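Participant: Here it is: the structure, laid out below.
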Amino acid sequence: MSWRAALNADSLTWLLEEGEPAVRRLALRDLVGLPEEAPEVCAALGAAHRQGPIPAILAQMHPDGYWVEPGAGYLPKYRSTVWSLSMLAQLGGSAAADGRIARACAYLLDHALTPLGQFSAGGPQAPSGTIDCLQGNLCTALIGLGHADARLEGAMDYLARSVTGEGIAPLEDKAAPLRYYAGKCGPLFACGANGSLACAWGAAKVMLALAKWPAERRSPRIERAIAAGVGFLLGVDPATAAYPSGMTGKPSGNWWKFGFPVFYITDILQIAEALALLGYGRDPRLASTVRLILDKQDPQGRWALEYDYAGKTWVNMGAKKAPNKWVTLRALRVLRAALGE
């Protein structure tokens, strides 16, 4: 069964409507399969930077390239630089289409990346402020925004090392130039915020970044990190979200609430997105997750916004519990990879 045949109704036409060019552009590229240089895709990209959420977020940017406060940009949530750039990337923003995005990406690298490649909430001189979800989100954002900077290579190398443990000293080795910290406390997604256990929320972000990194640029270390991460994510049935839960002992209910944008709180759909991009969409171990995604569509073949940041970000992305184009786009990308044409 093809992905379109698996839908209760045609939701692709809904995503391709002219009125919301940002989602139209991504649907043309990711669902219809048109190349970036196709006239329709280029026209939608230009329109998306003139109307809708992308220009609304950019209108709040300081001319120097940050939002709200200068510096590393983690606070205040969720309007500062870290979150604004992440949201722009999820909306399909492009550094090539708007110089302000390129300026903001450069500002982030200047003010949040340590010399050893860690994105840190405390800035370049505070490597202890790194954590998987932050590293993964920002690498994903910069890749998605198309910002070309050699420093991103170092950030991706650190991301891979943080998974495999290669060249990173234990937390206790205070004298080591590159070591784990109280937050990012060990390899394979170990996180102090999850009782020092592997954090699947962080894993989803890390694996999404690794998946978006071009295959021809993947070093052997990155390939080893991908293999380890896939083993972790598919080590349980993702539909159960039965990953280590250090604080409560049971999975968060947020796993089953599909949302947009997606920041550090993760849903099962994002696990599927990362695995699908890595070529595991048809893996039998993902089958129940694909079924879960299909079962959440409404009679019109659309998915509802179940988790949001209304009133916390620069723009709201639709009414909660109502059919949502952005959540539907996320679901259809996975289904296309899992079920094929």
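The values are calculated or read from the model by the stated rules, or taken from the named source; none is laboratory data. Everything numeric here is computed off the predicted structure, so don't read it as measured data. Reconstructed Cβ throughout: ideal geometry from the backbone, glycine too, with neighbour counts over all protein chains shown. We work out accessible area using only protein heavy atoms, side chains counted, and drop any ligands, DNA or RNA first. Shrake-Rupley method; radii C 1.70, N 1.55, O 1.52, S 1.80 Å.
Participant: Sort out for me the Cα centre separation of the range 1-66 from the range 210-271, rounded to whole Å.
Facilitator: First find each Cα centre; the distance between them is then 25 Å.
Participant: When the accessible area of the chain is split by element with a 1.4 Å probe, what percent falls to carbon and sulfur?
Facilitator: 55
Participant: Also: Starting from 0.36 nm per residue, how many nanometres of slack lie between A5 and A287 once their C-alpha separation is accounted for?
Facilitator: On the way: separation 282, 0.36 × 282 = 101.52 nm, distance 1.66 nm.
The A5-A287 span can extend by a further 99.9 nm.
Participant: If you don't mind, another one. Please get the size of the charge dipole for the chain, origin at its Cα centre, with Cβ charges of +1 on Lys and Arg and -1 on Asp and Glu, quoted in debye to the nearest 20.
Facilitator: 480
Participant: If you don't mind, another one. Which order do the peptides 152-159, 80-87 take when ranked by the mean count of other beta-carbon atoms within 10 Å per residue, highest first?
Facilitator: Final packing ranking: 80-87, 152-159.
Participant: Keeping every protein chain in place, order S94, S252 by accessible area at 1.4 Å, biggest value first, i.e. largest first.
Facilitator: Highest to lowest solvent-accessible surface, that is S252, S94.
Participant: Right, another one. For the chain, what is the mean residue ellipticity at 222 nm derived from helices alone (per DSSP H run of n ≥ 4: -39500 (n - 2.57); sum divided by total residues; nearest 500 deg cm²/dmol)?
Facilitator: Computed ellipticity for the chain at 222 nm equals -12500 deg cm²/dmol.
Participant: With the other protein chains left in place, how much accessible area per residue, in square angstrom, belongs to the range 141-292 at a 1.4 angstrom probe?
Facilitator: On the way: 5930 Å² over 152 residues.
Heavy-atom accessible area per residue stands at 39 Å².
Participant: While we're looking at this one, here's another question. Considering amide H positions built from the backbone, and no H for Pro or chain starts, which residues 5 or more places from A169, or on another chain, come under 5 Å of its amide H?
Facilitator: Residues meeting the amide H criterion: L178, R179, Y180.
Participant: Please give the peptides 172-184, 131-143 ranked by average Cβ packing (other Cβ atoms within 10 Å per residue), highest first, as a rough proxy for protection.
Facilitator: The peptides rank, most packed first, as 131-143, 172-184.
Participant: Calculate, for Q60 and E341, the FRET efficiency according to 1/(1 + (r/R0)^6) with r their C-beta to C-beta distance and R0 30 Å; round to the nearest 0.05.
Facilitator: 0.15
Participant: Moving to a separate point now. Amide H neighbours of A190 under 5 Å, at least 5 residues apart or on other chains, H built in the peptide plane: list them.
Facilitator: C199
Participant: Here is a further query. Under the rule that a partner needs its Cβ under 4.7 Å from the first Cβ, which Cys of the chain have none?
Facilitator: Cys with no partner Cβ under 4.7 Å: C42, C105, C133, C139, C185.
Participant: Label-point separation (nm) for E166 and V315, each offset 7 Å from Cα along Cα-to-Cβ?
Facilitator: Here the modelled spin labels are 4.0 nm apart.
Participant: Now for a different question. Quick one: go through the range 92-124 and flag any residue whose amide nitrogen is under 15 Å from the point 7 Å out along the Cα-to-Cβ line of L178.
Facilitator: Residues 114-119 fall inside that zone.
Participant: Using +1 on the beta carbon of Lys and Arg, -1 on that of Asp and Glu, and nothing else charged, what's the dipole of the range 57-125 about the Cα centre, debye to 20? Display every interim value, and only then the final one.
Facilitator: Details: 4 positive and 4 negative charges, 27 e Å.
Taking the Cα centre of the range 57-125 as origin, the dipole is about 140 debye.
Participant: Measuring from label point to label point, each 7 Å out along Cα→Cβ, what is the V236 to D149 span in nm?
Facilitator: Between V236 and D149, the label points sit 3.6 nm apart.
Participant: Under a plain spin-label model, where a point goes 7 Å from the Cα along Cα-to-Cβ, how far apart in nm are R217 and T13?
Facilitator: Result for the modelled spin labels: 3.9 nm.
Participant: Test of understanding: what is the full-extension gain from R224 to C42, defined as 0.36 nm times their sequence separation minus their Cα-Cα distance? Walk me through the numbers before you get to the answer.
Facilitator: Values: separation 182, 0.36 × 182 = 65.52 nm, distance 3.58 nm.
That works out to 61.9 nm of additional length.
Participant: Sticking with this one: What does the charge dipole of the range 45-181 about its Cα centre add up to, to the nearest 20 debye, if the Cβ of each Lys and Arg holds +1 and the Cβ of each Asp and Glu holds -1?
Facilitator: Value, rounded to 20: 360 debye.
Participant: Here is a further query. If I ignore ligands, DNA and RNA and count only protein heavy atoms, how much of D110 is accessible to a 1.4 Å probe, in Å² to the nearest 10?
Facilitator: Counting only protein heavy atoms, D110 exposes about 90 Å² to solvent.
Participant: Calculate, in nm to one decimal, what A96 and K77 gain on full extension: separation in residues at 0.36 nm each, minus their alpha carbon distance. It would help to have the intermediate numbers written out before the result.
Facilitator: Numbers: separation 19, 0.36 × 19 = 6.84 nm, distance 2.66 nm.
Gain in length upon complete extension: 4.2 nm.
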